[in-house]
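The values are calculated or read from the model by the stated rules, or taken from the named source; none is laboratory data. All of these numbers come straight from a predicted model, not from anything done at the bench. Cβ placement follows ideal geometry from the backbone for every residue including glycine, while neighbour counts extend to all protein chains displayed. For the accessible areas, the whole protein counts, side chains as well, though only heavy atoms, and no ligand, DNA or RNA atoms are used. Shrake-Rupley method; radii C 1.70, N 1.55, O 1.52, S 1.80 Å.
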2 protein chains.
Amino acid sequence: MSGVNEVEHPAHAPGAPIVTVIGDGQLARMMQTAAIELGCSLRLLAGSRDASAAQVCADVLLGDFRNLASVREAAAGSDAITFDHEHVPNEHLDELIAEGFNVQPQPEALIFAQDKLLMRKKLREVGAPVPPFAAIESVDDGLAFWDAVEGQVCLKARRGGYDGKGVWFPGQREELRELVSSLLEAGTPLMAEKKVALRGELSAMVARTPSGATQPWPVVASVQENGVCAQATAPAPGIDAELRRRAETLSIDIARELGVTGVLAVELFLSEDENGQADISINELAMRPHNTGHWTQDGCITSQFEQHIRAVLDLPLGATNTTAPYTVMANVLGAERDPSMPMADRVAKVMHVVPDAKIHLYGKQHRPGRKIGHVNACGEDLESVRRRAQAAAHFLRHAQWPEGFAPESL
Amino acid sequence: MSGVNEVEHPAHAPGAPIVTVIGDGQLARMMQTAAIELGCSLRLLAGSRDASAAQVCADVLLGDFRNLASVREAAAGSDAITFDHEHVPNEHLDELIAEGFNVQPQPEALIFAQDKLLMRKKLREVGAPVPPFAAIESVDDGLAFWDAVEGQVCLKARRGGYDGKGVWFPGQREELRELVSSLLEAGTPLMAEKKVALRGELSAMVARTPSGATQPWPVVASVQENGVCAQATAPAPGIDAELRRRAETLSIDIARELGVTGVLAVELFLSEDENGQADISINELAMRPHNTGHWTQDGCITSQFEQHIRAVLDLPLGATNTTAPYTVMANVLGAERDPSMPMADRVAKVMHVVPDAKIHLYGKQHRPGRKIGHVNACGEDLESVRRRAQAAAHFLRHAQWPEGFAPESL
């Protein structure tokens, strides 16, 4: 091991584990709140001093995660190195591991969160359910796949897409031909999968330690808008126990088979099989805390952020019992036009009307569609919980209540 | 107002409120975790860069809270100035207020948390129950009080005492004479109160905003060891609803009458009146988050740290419903001799045996009797909850389980 606990920055209490996080977004920010309570504190590689996570950490190195020297400098002396995104070049991570650093998760696992084609091949290999897919390396590949799935084509960039980016649904064979042609010409590696007749989307999350311990969370239902997570409900309502168990077991199996460490999110398609029975198949994987796990901050004994810290340090995992019958998480995305009412005033209004809403803001400035915060609400009555979470997030976004929402009705 | 939001430190997102905290201990540290999630971040006046709270904040000024220039520098540009202790000289705070700074709570209230004699006079004046007391300005005062309460004397330094310091229980008249004589000679202003025949201790906590809104938490039972809080149980078991309501109402009344803003802790003696009925009287006041309120981090919708931030910013207060039938908080104090097992290994062991224990560590080094952390456990069965919290805290302190505790029994 390279220099464990050698960092002499005053941010780190002697003897407390040090976790280096590569990345400066809200996921790193919320890891810091968990780390603080556990008695440690993060060492951050950030792009700027005013980034979301850098605002709330004392030991911040400025640098580029694509630069090996920066990543190595941030890693020096820490007990574990982890990430709030999947974009650190794997060759840098391989180099760090060769130098004795403790990188979690490791590139062997991360590759399956980075490359959508490799992911599907691996998942099929281990027997996990994925929709029919194919590598698209030519226009002919694309057209053959179109014919094979009778036009139900979802075209995806193999790398770099998220939040609805890098995904296309061509409506016609000609459209597909042009898309594939221009994307390949632009150097975008492609794959295609068969569109799923969606009944909904689920997310099965689990944490796994380097020692091999696993601990899942209850499966949640998520709602996407324009490819971006808008809402998550935990536990997923209307799902029978057998399917719930199947999704949970699947997440554990994938974590094991792919050697994931830290938090793994398995985004699932919920569909119907030929007999009208509910069925699941895998949409995407993320190897870090995930938007569909934000509910755990207020609805679960151990949040995904605490669990990720525990997992990458190979500490025993925490209990994942819920603390309320239902928790709903609603995202706060930047509106098309930022309302003139200052965010601080919107927060005050929401606090007044929904005193049990748990508001989480990321210290980010407005940009249309940008994730700038989320709201959790907990309780027994799902409809009421959902109404409160939605109304609070809507007001934070638009400075007005959703249509039909009567504040006095709460 | 002096320069609201004028601070241009990158720790502070434009438009987000800035709270300056004078003090660098665990209370400020835990305010930071609450502030982060609310989308703000603290500006800290700390004594050293490696202090508990300074480890986890980006905007830290080093300075002495007894120095007006330091306090003024820390206050500059913030929306509210608050404290994690009561020791900032009130004349400095008066000066800041005169200069237009928003200090919460204000010296007019703080004085009653600083001077135990003024506190009791004020409480008696507003009709709140306090044990018989007297100013002790001479040996004769002391002896007269001894006679009046038939030797049931608790002698207290008027200022500066906490965690059992500055409190004496003389067993004999002669002992009292010598104590008073030497303490007065040493320049320690004194008061005395009649010892209460204790059945237990309670803590009634409430938050109040500058606008006058109040929100209490459920009353808790606390256990002191050697004058230091060892444990708190929420809600206080075995207390009838009428007494609970009386304690709650009392805390609200005191907050109003004394003009407290932020969090107020009213430490209560639980005793029996002449008819054997349970009765309460006031022991101490604290005008900040308090050890007996740490349970709210894991057992309540709104923690005392979040509520304090909301209150000092005059934001609407959060709901204080509990999230579990019972929460027990057990303190982790430095043992007489620090065990050889490193704290990180103790943490791992506790995480393994008690996976639902919520561990909170302060980044502090060992010193006998020093508060270095606490553990919260939640659940339905009080005995089980207590056993888990106690065992976890005990192991963190001593690197061994309490006598008679069988880890496999959990």
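Before moving on, here are some points about what is shown:
- A:Lys165 exposes around 120 Å² of accessible area when a 1.4 Å probe is run over every protein chain in place.
- The helix-based estimate of mean residue ellipticity at 222 nm for chain B, built from -39,500 (n - 2.57) per DSSP H run of four or more residues and divided by its residue count, is -9500 deg cm²/dmol to the nearest 500.
- In terms of its Cα atoms, chain A spans 62, 61, 43 Å along the principal axes, sorted from long to short.
- Using a 1.4 angstrom probe on protein heavy atoms only, the contact between A and B buries about 3800 square angstrom of accessible area, both sides summed.
- Extension gain, B:Ala230 back to B:Ala319 (0.36 nm per residue minus Cα-Cα distance, nm): 29.4 nm
- Complex-versus-alone comparison for the stretch A:55-71, residues with a loss of 20 Å² or more in accessible area, probe 1.4 Å: A:Gln55, A:Val56, A:Ala58
- Solvent-accessible area per residue for chain B (1.4 angstrom probe, square angstrom): 38 Å²
- Percent accessible area from carbon and sulfur atoms, the stretch A:132-194, protein chains only, probe 1.4 Å: 48 percent
- Across the copies of the chain, A:Ala157 has label points (7 Å from Cα along Cα→Cβ) spaced 6.5 nm apart, shortest distance listed first.
- A:Arg159 accessible area, 1.4 Å probe, all protein chains in place, Å² to nearest 10: 120 Å²
- Rg/Rh for the stretch A:41-149, where both radii come from Cα atoms and Rh is the Kirkwood radius: 1.13
- Each semi-axis of the equivalent ellipsoid for the stretch B:18-103 is √(5λ) with λ an eigenvalue of the Cα gyration tensor; in descending order they amount to 20, 14, 10 Å.
- The tail of the calculated P(r) for the stretch B:200-401, taken as Cα-Cα distances beyond 25 Å, holds 38 percent of the pairs.
- Descending by average beta-carbon neighbour count within 10 Å, the peptides A:131-138, A:181-188 line up as A:131-138, A:181-188, the highest first.
- Across peptide A:345-358, the mean count of Cβ atoms from other chains lying within 10 Å of each residue's own Cβ comes to 4.
- Computed FRET value (nearest 0.05) for B:Ala148 with B:Glu8, which takes r as the C-beta separation and R₀ as 56 Å: 0.40
- Computed in the context of the full set of protein chains, the accessible area of the stretch B:232-344 at 1.4 Å probe radius has 43% of its extent on carbon or sulfur.
- Label-to-label distance, nm, for residues given as A:Glu185 and A:Gln277 (7 Å Cα→Cβ offset): 4.8 nm
- Threshold 10 Å² - residues in the stretch B:294-308 whose accessible area is reduced by that much or more when the chain is no longer isolated, probe 1.4 Å: B:Ile301, B:Glu306
- The stretch A:134-183 and the stretch A:263-292: distance between their alpha carbon centers, rounded to Å: 21 Å
- Point-to-point label distance, B:Val167-A:Arg49, nm (Cα→Cβ direction, 7 Å offset): 4.6 nm
- Separation of the stretch A:342-410 and the stretch A:10-62, taken as the distance between their Cα centroids, equals 27 angstrom.
- Volume per residue of the C-alpha convex hull in the stretch A:132-194, rounded to whole Å³: 70 Å³
- Approximate spin-label separation A:Thr249-A:Arg199, in nm, with each point projected 7 Å along Cα-to-Cβ: 1.8 nm
- Where B:His366, B:His12 fall by accessible area, highest first, once all protein chains stay in place (1.4 Å): B:His366, B:His12
- For the residues A:Tyr326, B:Tyr362, a 1.4 Å probe over the protein chains yields an accessible-area ranking, largest first, of A:Tyr326, B:Tyr362.
- Working note: Karplus 6.51/-1.76/1.60 with θ = phi - 60° gives the stretch B:291-303 the couplings 3, 6, x, 4, 4, 5, 4, 10, x, 9, 4, 10, 6 Hz, where Gly and Pro are set to x.
- Most to least accessible of B:Val126, A:Val180 (protein chains only, probe 1.4 Å): B:Val126, A:Val180
- Of A:Lys371/B:Lys358; A:Lys116/A:Lys194; A:Lys195/A:Lys371; A:Lys156/A:Lys364; A:Lys165/A:Lys371, pairs whose Cα-Cα distance is over 23 Å: A:Lys371/B:Lys358; A:Lys195/A:Lys371; A:Lys156/A:Lys364
- Nearest-10 value in Å² for the accessible area of B:Arg245, using the 1.4 Å probe: 140 Å²
- Label-to-label distances for B:Pro129 across copies, nearest first, come out at 6.3 nm, using points 7 Å from Cα in the beta-carbon direction.
- Within the stretch A:240-284: backbone nitrogen closer than 18 Å to the A:Arg159 label point (7 Å, Cα to C-beta): none
- Averaging 1/r across all pairs of distinct Cα atoms in the protein assembly as shown and inverting the result yields a Kirkwood radius of 28.3 Å.
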